[in-house]
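Participant: Below you will find the structure I want to go over with you.
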Amino acid sequence: MRTIAATFSPYLWRRTPINSQPRRFSTSSFGRDEQSIEQEAERKVGWLLKLIFAGTATVIGYQIFPYMGDNLMQQSVSLLQVKDPLFKRMGASRLARFAIDDERRMKIVEIGGAQHLLNMLESARDDRTRKEALKALFAISKSDAAAVVLHQAGAISIIKSTLESGEDAEVGNYKSNLLSRFQDLSYDIRS
């Protein structure tokens with residue numbers, strides 16, 4: 001074993017390379033290569049930092065600003081209670097956007113959004129406010145369970161008493177769509 005080690009030791013611990021021809025670099029080409037390597041490294045580090053920043057901002061934004069969270073729904077319902085029609089329209093518009101599935105529609109009903117929308121519709125003085133209230137009520141009524149709650153809250157009589165708009169045809173469309181939705185659920189809309 002020692003003889004084998006003695007044979008290979010000069011090759012393993014040699015101080016000079018096998019090909020002892022030194023490589024010569026010109027200083028001008030070496031400087032350019034080094035500069036291009038530095039630029040490429042800076043570019044890669046820049047992209048890495050941008051990705052880290054974007055990822056961090058996304059995580060923080062998701063934690064602080066939950067788009068479909070219960071807090072935002074509650075704030076939207078709170079906007080319906082303000083006296084200013086602009087804020088009422090903003091709250092109704094948000095609720096219409098939130099009502100995308102049955103679970104969210106029922107959540108809106110549970111936190112009192114349906115009743116506040118009916119109150120908003122009943123007290124609305126302009127067509128834009130009526131339109132946003134009807135739009136939100138129509139979005140909520142797509143759930144059968146929510147439509148039952150709306151019917152129990154007296155939605156049919158409030159919707160029927162809503163004034164027709166001479167300027168905005170969408171008010172009439174939402175009104176007729178809501179009444180036909182209640183009729184499809186076998187509710188008497190004549191009363």
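Participant: Do we have any residue at all in segment 134-144 that's in contact (Cβ under 8 Å) with a residue 24 or more places away in the chain, exposed (fewer than 15 other Cβ atoms within 10 Å of the Cβ) and over 18 Å from residue 89 (Cβ atoms)?
Facilitator: yes
Participant: May I ask you to say which residue of 179, 163 is within 20 Å of residue 119 (Cβ to Cβ), without any contact (Cβ under 8 Å) to a residue 40 or more places away in the chain, open to solvent by less than 80 Å² (accessible area, probe 1.4 Å) and over 30 Å from the mean Cα position of the chain (by Cα)? Spell out how you get there, then give the answer.
Facilitator: Values: 163 fails: open to solvent by less than 80 Å² (accessible area, probe 1.4 Å).
Result of the check over 179, 163: 179.
Participant: Given the criterion modelled with pLDDT of 65 or more, part of a helix (DSSP H, G or I) and surrounded by fewer than 10 Cβ atoms within 10 Å (Cβ to Cβ), identify the matching residue among 4, 52, 37, 60.
Facilitator: Checking each option against the conditions leaves just 4.
The values are calculated or read from the model by the stated rules, or taken from the named source; none is laboratory data. As the structure is a computational prediction, the values presented were derived from the model and not from experiment. Please note: Cβ atoms are built from the backbone with ideal geometry, for glycine as well, and neighbour counts cover all protein chains shown. Remember, those area values only see protein heavy atoms, side chains included, never the ligands or the DNA or RNA. Shrake-Rupley method; radii C 1.70, N 1.55, O 1.52, S 1.80 Å.
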